[in-house]
Protein chains: 2
Amino acid sequence: MKISERALGMETSPIRKLAPYAEAAKQKGKKIYHLNIGQPDIATSPKFMEAIRKFDQKVVAYGNSQGDPNLIKAIQKYYDDWGMHYETKNIYITNGGSEALEMAVFSLCDPGDEILVFEPYYANYTTFAKLGSAKITAVPTSAEDGYRLPDQATVEKYINEKTRAILLTNPGNPTGVVYNKQEMDMIAEVIKKYNIALISDEVYREFVYDGTYTSFGTYKELEQNLIMVDSVSKRYSACGARIGCIITKNTELCAQFMKLCQARLCAPAVEQVGAAALYDTPASYLEEVNKEYKKRRDTIAAGLAKIPGLVSSQPKGAFYVMVKFPVDDAEKFAIWMLQDFDMNGETVMIAPGNGFYATPGKGVDEARLAYVLNCEDLEKAMALLAEAVKQYPGRKI
Amino acid sequence: MKISERALGMETSPIRKLAPYAEAAKQKGKKIYHLNIGQPDIATSPKFMEAIRKFDQKVVAYGNSQGDPNLIKAIQKYYDDWGMHYETKNIYITNGGSEALEMAVFSLCDPGDEILVFEPYYANYTTFAKLGSAKITAVPTSAEDGYRLPDQATVEKYINEKTRAILLTNPGNPTGVVYNKQEMDMIAEVIKKYNIALISDEVYREFVYDGTYTSFGTYKELEQNLIMVDSVSKRYSACGARIGCIITKNTELCAQFMKLCQARLCAPAVEQVGAAALYDTPASYLEEVNKEYKKRRDTIAAGLAKIPGLVSSQPKGAFYVMVKFPVDDAEKFAIWMLQDFDMNGETVMIAPGNGFYATPGKGVDEARLAYVLNCEDLEKAMALLAEAVKQYPGRKI
């Protein structure tokens with residue numbers, strides 16, 4: 001029986017593929033500090049469970065395909081507070097940011113069409129593109145330049161008649177980069193010049209540690225081109241709820257989103273009720289979370305600065321940092337840390353960087369570190385990492 | 001900005017497209033008996049809410065991509081009780097049966113590949129095929145023959161080198177047909193002869209009213225070809241939970257399902273906990289539900305038998321019946337009932353049949369009726385329908 005080329009061509013998640021090595025290490029009694037996965041340890045806003053406990057429908061029936069009207073209104077208000085106004089008909093509730101990204105691909109791309117990303121980028125973007133038989137075109141950025149965007153002329157070299165969208169995460173996963181005004185203006189110019197879509201994945205909007213944040217939603221000239229992808233996962237530490245949304249002011253795109261929503265009938269009822277309540281979380285929760293992550297960011301940055309031969313720039317947002325290690329191969333290094341290394345029975349797990357690149361051979365000596373542990377644990381993890389780099393047989397310095 | 005041909009080529013759901021007419025009728029104070037949508041009025045098994053109220057995770061974290069292990073085990077046991085044994089690694093939790101169907105398409109089809117269905121069929125199958133740029137090939141069945149399957153030679157005429165799967169619902173939506181041994185053996189023969197997949201959507205398994213039910217999961221020779229699609233939606237009247245699963249013993253397919261599961265990280269945490277508890281629902285609940293639907297089936301069948309010129313055969317399963325009306329156009333008839341017809345301020349809503357056919361022009365005088373109302377309401381709805389057929393200006397007899 002034939003399996004599709006599409007499915008066979010998909011990769012296992014780079015964040016999850018070393019899980020069997022971690023499992024084996026744990027069975028030997030090793031303690032692992034997990035820097036590999038973006039699962040925050042922060043408590044979910046209690047609003048979520050409060051609302052769910054009150055949920056009392058006799059029949060858990062199909063909901064509105066577009067989404068629970070209360071949740072849509074809550075999101076509308078949230079954006080109003082950010083100075084961006086969307087009509088309720090512009091907002092479609094999705095199964096996490098993931099389904100929002102799928103819907104963007106399906107609405108924009110036919111087989112063979114291209115989506116432009118800046119590598120390194122969130123690995124699942126490739127999978128979502130492949131679902132639609134579309135292709136990821138990766139514009140390179142580099143560790144040495146702090147993963148900043150190249151100039152407009154360079155970006156334009158990667159655009160052709162098949163390019164349907166630029167897809168980016170801001171603040172960035174895996175880089176931690178927050179785009180500055182110059183970079184955002186450049187992106188806006190390119191979008192308008194070629195009249196393509198901008199898919200802006202802004203799920204880490206509240207996680208910015210130096211200065212303020214500007215959303216692509218505030219670019220008036222992009223209104224007809226912008227597809228906003230959002231989620232409660234990171235904002236309220238509710239990753240397991242899988243509630244996100246896709247937003248656009250482009251009426252024709254809205255019509256496509258509605259058809260895609262109808263095809264899968266609705267998003268889950270109970271989680272939508274919980275998610276609507278999350279948006280009532282007081283601002284102080286988000287401020288506390290931001291303060292905590294800023295401390296963690298400073299802790300991990302200080303720890304990384306002490307490791308000789310390592311290249312990283314201070315991350316400005318999200319809770320990731322992309323690091324270039326002085327090793328032959330970061331995946332081998334990651335496996336070695338799980339299998340062969342420990343200090344007092346403890347080790348560290350990181351996500352190999354190659355999975356965040358589309359270009360073969362790139363990112364081989366890089367890795368993504370998620371600073372989702374408390375500062376004390378992060379300090380221990382950094383000490384372990386420093387020692388591991390020193391002892392690793394494949395080190396390059 | 002370009003929208004994809006894929007999205008533009010998708011239809012609005014035939015079940016939901018007349019909703020604006022219903023809305024307008026309701027605003028004029030008309031009462032509508034909804035036979036258009038398969039939303040049962042049966043109370044959700046109370047196990048669902050009991051489990052959810054006890055849910056107490058401090059961090060609503062990403063779950064296992066394959067699914068909540070407790071839910072997987074509950075499903076395994078459920079199938080064991082039906083005499084079908086699956087290993088836990090064969091079972092993948094999905095966002096409703098809908099995502100299971102998408103995963104089946106993505107794993108089997110590349111652009112241009114074909115999926116064979118028997119029309120009339122569940123309309124969203126077309127959308128799922130289009131997501132993967134695959135094509136639905138429809139083998140006709142007819143109202144006059146009670147929508148029974150044609151013979152093997154006829155089915156084989158529709159198979160070519162692009163055919164990747166036969167996709168069917170058993171018991172049938174929209175037809176209410178339950179396949180007999182001869183039909184199932186014929187399907188099994190075709191699957192083995194061409195070594196293609198059988199996607200068996202069996203979400204109505206418990207809704208069989210005459211005799212027993214046989215699952216394609218009991219066909220040992222189909223083990224490597226069978227993809228089972230299932231869901232808690234109808235079984236436990238929990239449509240809004242959006243929890244389904246996709247099951248196969250084919251190891252290579254399992255590997256594809258896992259990659260697809262990883263791409264969207266996990267299914268929703270809270271609803272999975274509720275769904276796992278649903279499988280503890282005592283057998284008496286399902287027996288009661290079956291008894292109730294059998295009564296409704298008898299009620300609707302009796303009502304339909306009284307309408308002159310109408311063609312329908314007694315539905316054997318699910319809670320749908322496909323009806324051929326003595327009218328020019330069932331969609332016009334449906335709209336007319338909402339806009340221009342009433343008896344004491346009451347009317348009926350039905351789902352036009354053309355949306356359940358792939359062949360243009362087919363099903364124009366047919367409609368799907370869902371018997372999801374109590375018998376008293378169903379009797380009223382049938383009286384309304386009989387009168388509407390009599391009064392409708394486009395009637396053909």
Residues satisfying the stated conditions in the stretch B:44-69, i.e. assigned to a helix (DSSP H, G or I), surrounded by 15 or more Cβ atoms within 10 Å (Cβ to Cβ) and in contact with a helix residue (DSSP H, G or I) (Cβ under 7 Å, 6 or more places away or on another chain): B:Lys47, B:Phe48, B:Ala51, B:Ile52, B:Arg53
Tabulated pairs, the stretch A:286-305, first within 15 Å of A:Leu385 (Cβ to Cβ), second open to solvent by 40 Å² or more (accessible area, probe 1.4 Å) and modelled with pLDDT under 95, C-beta under 7 angstrom, 6+ apart or interchain: A:Ala301/A:Gln314; A:Leu304/A:Ser312
Where a residue in the stretch B:338-355 is more than 17 Å from B:Asp328 (Cβ to Cβ) and its partner, wherever it lies, is of a type in the set (Lys, Arg) and crowded, with 23+ Cβ neighbours inside 10 Å, with Cβ under 8 Å and at least six apart: B:Ala351/B:Arg368
Some residue of the stretch A:174-185 being within 15 Å of A:Ala104 (Cβ to Cβ) and surrounded by 24 or more Cβ atoms within 10 Å (Cβ to Cβ): no
Some residue of the stretch B:350-360 being on the phi > 0 side of the Ramachandran plot and out of contact with any helix residue (DSSP H, G or I) (no Cβ under 7 Å at 6 or more places or on another chain): no
When residues of the stretch B:358-372 are limited to those that are part of a loop (DSSP other than H, G, I, E, B) and touching a residue at least 24 places away in the same chain (Cβ under 8 Å), the one surrounded by the fewest Cβ atoms within 10 Å (Cβ to Cβ): B:Thr359
So A:Ile3, is it of a type in the set (Val, Ile, Thr) and either surrounded by fewer than 17 Cβ atoms within 10 Å (Cβ to Cβ) or not in a loop (DSSP other than H, G, I, E, B) (or both): no
Members of the stretch A:164-187 that are of a type in the set (A, V, I, L, M) and closer than 17 Å to A:Met228 by Cβ: A:Ala165, A:Ile166, A:Leu167, A:Leu168, A:Val178, A:Met184, A:Ile187
Of the criteria (1) modelled with pLDDT under 95; (2) open to solvent by 40 Å² or more (accessible area, probe 1.4 Å), which one A:Trp82 fails: (1)
Some residue of the stretch A:128-149 being in the same structural domain as A:Leu226 (by TED's automatic domain parsing), without any contact (Cβ under 8 Å) to a residue 24 or more places away in the chain, of a type in the set (D, E, K, R) and part of a loop (DSSP other than H, G, I, E, B): no
Hits in the stretch A:186-221 - residues which are assigned to a helix (DSSP H, G or I), open to solvent by 10 Å² or more (accessible area, probe 1.4 Å) and within 14 Å of chain B (Cβ to nearest Cβ): A:Lys192, A:Lys193, A:Tyr194, A:Glu221
Flag for A:Phe118 being out of contact with any strand residue (DSSP E or B) (no Cβ under 7 Å at 6 or more places or on another chain), buried (at least 22 other Cβ atoms within 10 Å of the Cβ) and not small (Gly, Ala, Ser): no
All positions within the stretch B:248-278 that are touching a Leu at 6+ places or on another chain (Cβ under 9 Å), within 19 Å of B:Leu226 (Cα to Cα) and buried (at least 24 other Cβ atoms within 10 Å of the Cβ): B:Thr248, B:Leu253
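Yes or no, residue by residue, for (1) without any contact (Cβ under 8 Å) to a residue 40 or more places away in the chain; (2) within 21 Å of B:Leu265 (Cβ to Cβ):
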| site | (1), (2) |
| --- | --- |
| A:Leu222 | yes, no |
| A:Ser233 | no, yes |
| A:Cys254 | no, no |
| A:Met258 | no, no |
| A:Gln262 | no, no |
| A:Leu265 | no, yes |
| A:Asp280 | no, no |
Subset of the stretch B:23-39 [in contact (Cβ under 8 Å) with a residue 24 or more places away in the chain, part of a loop (DSSP other than H, G, I, E, B) and either more than 19 Å from the chain's Cα centre (by Cα) or within 13 Å of chain A (Cβ to nearest Cβ) (or both)]: B:Gly29, B:Lys30, B:Asn36, B:Ile37, B:Gly38, B:Gln39
Sole residue being modelled with pLDDT of 95 or more, outside any helix (DSSP H, G or I) and open to solvent by less than 50 Å² (accessible area, probe 1.4 Å), chosen from B:Ile335, B:Ile307, B:Ile300: B:Ile307
Subset of the stretch B:277-306 (residues that are among the hydrophobic types (A, V, I, L, M, F, W, C) and either in contact with a strand residue (DSSP E or B) (Cβ under 9 Å, 6 or more places away or on another chain) or on the phi > 0 side of the Ramachandran plot (or both)): B:Leu278, B:Ile300, B:Ala301, B:Leu304
Selected residue (only one of B:Ser313, B:Ser237 is within 14 Å of chain A (Cβ to nearest Cβ), assigned to a loop (DSSP other than H, G, I, E, B) and in contact with a helix residue (DSSP H, G or I) (Cβ under 9 Å, 6 or more places away or on another chain)): B:Ser237
Every residue from the stretch A:382-397 that is among the basic types (Lys, Arg) and either touching a strand residue (DSSP E or B) at 6+ places or on another chain (Cβ under 7 Å) or open to solvent by less than 50 Å² (accessible area, probe 1.4 Å) (or both): A:Arg395, A:Lys396
Close pairs (8 angstrom Cβ cut-off, 6 or more residues apart or separate chains): at the interface with another protein chain (Cβ under 7 Å from one of its Cβ atoms) in the stretch A:2-22, open to solvent by 80 Å² or more (accessible area, probe 1.4 Å) anywhere: A:Ile3/B:Glu252
Considering residues of the stretch B:80-115 that are away from chain A (no Cβ under 14 Å) and assigned to a helix (DSSP H, G or I) only, the residue farthest from A:Thr127 (Cα to Cα): B:Asp81
Among residues of the stretch B:1-53, those that are in contact with a Leu (Cβ under 6 Å, 6 or more places away or on another chain) and modelled with pLDDT under 90, counted: 0
Residue in the stretch A:72-79 that is within 14 Å of chain B (Cβ to nearest Cβ), within 23 Å of the chain's Cα centre (by Cα), at pLDDT 95 or above and open to solvent by 20 Å² or more (accessible area, probe 1.4 Å) present: no
Residue, nearest to B:Ala51 (Cα to Cα), within the stretch A:243-274, restricted to residues that are touching a helix residue (DSSP H, G or I) at 6+ places or on another chain (Cβ under 7 Å) and more than 10 Å from every other protein chain (Cβ to nearest Cβ): A:Gly244
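Yes/no matrix, rows are residues, columns are (1) at negative phi; (2) modelled with pLDDT of 95 or more; (3) in contact with a strand residue (DSSP E or B) (Cβ under 9 Å, 6 or more places away or on another chain); (4) surrounded by 18 or more Cβ atoms within 10 Å (Cβ to Cβ):
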{"residue": "B:Thr126", "(1), (2), (3), (4)": "yes, yes, yes, yes"}
{"residue": "B:Ala129", "(1), (2), (3), (4)": "yes, yes, yes, yes"}
{"residue": "B:Ala138", "(1), (2), (3), (4)": "yes, yes, yes, yes"}
{"residue": "B:Glu144", "(1), (2), (3), (4)": "yes, no, yes, no"}
{"residue": "B:Thr154", "(1), (2), (3), (4)": "yes, yes, yes, no"}
{"residue": "B:Lys157", "(1), (2), (3), (4)": "yes, yes, yes, no"}
{"residue": "B:Asn160", "(1), (2), (3), (4)": "yes, yes, yes, no"}
{"residue": "B:Thr163", "(1), (2), (3), (4)": "yes, yes, yes, yes"}
Number of positions in the stretch A:152-185 that are among the small types (Gly, Ala, Ser) and within 14 Å of chain B (Cβ to nearest Cβ): 1
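The values are calculated or read from the model by the stated rules, or taken from the named source; none is laboratory data. Predicted model, so just to flag it, every value in this text is computed and none were measured. Cβ coordinates were reconstructed from backbone atoms using ideal geometry, including for glycine residues, and neighbour counts include every protein chain displayed. SASA here: full protein model, heavy atoms, side chains in, ligands and nucleic acids out. Shrake-Rupley method; radii C 1.70, N 1.55, O 1.52, S 1.80 Å.
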